[in-house]
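Below: the structure, in structure tokens.
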Amino acid sequence: MAALARIVLAVEAGLRVFAAACLGLMALLVVAQVVLRYGGGSVPAFTEEVARYAMIWMALMAAAVAVREGSHIRIDLLPALLARRPAAAAALAAVLDVVALTVFLVLLWQGMDMVAFAHGQRSDGLRLRLSYPYAAVPAAFAFAILFAAARLATTRRRG
């Protein structure tokens, strides 16, 4: 179990660095677009497309990290009502993690289909296969599955 914890921490750290790099690249490209548009009159065509892809990858990888931290979207009414009953609250948290894991598995499967479908298409600006930017979806949900499974394993060990 310690090896899994180390792997999860390393993956999380890598995703944080990757998402930060995507955010930095996106910010740099958007600033360059503004400066070039108002300073030079024209903007290289690739800047908008690369900034868009960087934003997509950044948002999806950050969403996977949110699963690791347990800060993804949840409704906290029922867990708040069960705060006085730790065993019931832990059981509900485990059930919610299983539901989330199931949703992530479905989205991973659908994301892989989406990537396969988009492989034959190319982007307008860079003529890049659209399967590359679309690969952010299955990648993010694969990481979300890893993090949700690690949360479940940690919850079961504590419980």
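Every read-out reported here was derived from the displayed coordinates using simple, explicitly stated rules and does not represent laboratory data. Nothing here was measured: the structure is a model prediction, and the numbers come from that model. Glycine gets a Cβ as well: all are built from the backbone with ideal geometry, and neighbour counts include every protein chain shown.
As I understand it, the value is the acute angle between the Cα axis of helix 136-158 and the longest principal axis of the Cα atoms of the chain; what does it come to in degrees, rounded to 10?
20
7 Å from Cα along Cα→Cβ at both A2 and V98: what's the point-to-point distance in nm?
3.0
Along the Cα→Cβ direction, 7 angstrom out, place labels at L78 and T154. What is the inter-label distance in nm?
Output for this residue pair reads 2.2 nm.
Enter the Cα centre distance for the pair segment 14-40 and segment 71-123, rounded to the nearest angstrom.
Computed from Cα coordinates, the inter-centre distance equals 30 Å.
How much net charge surrounds M26 when only other residues with a Cβ under 13 Å from its Cβ are counted (Lys, Arg +1; Asp, Glu -1)?
For residues surrounding M26, the net value is -1.
Report the full-extension gain for the segment E69 to V43: residue separation times 0.36 nm, less the Cα-Cα distance, to one decimal in nm.
Roughly 5.5 nm would be gained on extension.
Relative to the longest principal axis of the chain, what angle (0 to 90°, nearest 10) does the C-alpha long axis of helix 86-118 take?
Roughly 30 degrees, rounded to the nearest 10.
Once Lys and Arg get +1 and Asp and Glu get -1 on their Cβ, which of G40, L29, L78 lies farthest toward the positive end of the dipole of the chain?
My answer, from the dipole projection, is L78.
Calculate the spin-label point distance for A27 paired with A90, positioning each point 7 Å from the Cα along the beta-carbon direction, and give it in nanometres.
Between A90 and A27, the simple spin-label model gives 4.1 nm.
With angles folded into 0 to 90 degrees, how steeply does helix 46-69 sit against the dominant principal axis of the chain? Use alpha carbons for both and round to 10.
10
Evaluated at 37 °C with a viscosity of 0.692 mPa s, what Stokes-Einstein diffusion coefficient in µm²/s does the chain have when Rh comes from the Kirkwood expression over alpha-carbon pairs?
184
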